[in-house]
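Beneath this line is the structure, given in structure tokens, with notes to follow.
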């Protein structure tokens, strides 16, 4: 992809509000999928093949990572493979809560007959329940499964958000709380004095992020009460599969339980 098109992608990501981006994507996605079809890479979520994927990134663009058909990124495709191969998500009767539902999953999860599926967010047009993650309108011990992926890095009081997630998860329930994480950093970094959007994008990787999580993220979840398994699912896949599905080698899936 040429530099002008990359600049256009970056401009769109950083200027158009996310709810509008979601709506626009439904119009352009079929055209992108058709124009980029091929046999080199596979999106495991829908099984479609492409000559390459699109670049993606708010501050620093990553090449060949955004699926033209599902608009999934590396983390979405990794999570899909993990759910399909390692969990009871597609088979058991489950009550599921999904924060800020990703387009790659939304319709597929909604159509599953084995789950009772509820979505929530403050701004997403895909949310069934408009709610603040720090003050949720759900009763204690309500859900068997909770997905809260790439949400906590937006929340100033992530401790309160984690406490709410723990409160509404059923005993014996489980969840996946993915975040953008620097595994080379021991401690999470945040600075509330940084309010300029450009400065936030440069320091935190995205204009609406408030921190960079380090390896201590897992212990923070444990301090709330969660049991945490740090799953490197790419270790169970071959190098060929990692490349074919365009995954991030070594990415950790935080699997929590109560």
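Structure data summary
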| quantity | calculated |
| --- | --- |
| By average C-beta atoms within 10 angstrom, highest first, the peptides 88-98, 180-190, 71-81, 203-213 | 71-81, 203-213, 88-98, 180-190 |
| Per-selection Rg to Rh, region 61-114 - Cα, Kirkwood hydrodynamic radius | 1.00 |
| Rounded D (µm²/s) - region 188-242, Kirkwood Rh over Cα pairs, Stokes-Einstein at 37 °C, 0.692 mPa s | 239 |
| Cα Rg, Dmax, region 98-248, angstrom units | 16.5, 47 |
| Global form of region 162-258, assessed from the alpha-carbon gyration tensor, a/c cut-off 1.5 | oblate |
| At 1.567 mPa s and 4 °C, Stokes diffusion of region 41-163 via Kirkwood alpha-carbon radius, µm² per second | 82 |
| Förster radius 22 Å - calculated FRET efficiency between residue 116 and residue 37 (Cβ-Cβ, nearest 0.05) | 0.05 |
| Contact order relative to length of region 135-258, as percent, for alpha carbon pairs under 8 angstrom and 6 or more apart | 27 |
| For region 131-158 versus region 34-95, the gap between their alpha-carbon centres in whole angstrom | 24 |
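Values in this text are rule-based calculations from the coordinates and carry no lab data. Predicted, not measured: the structure shown is a model, and the values here were computed from it. Here the Cβ is made from the backbone with ideal geometry for all residues, glycine too, and neighbour counts use every protein chain on show.
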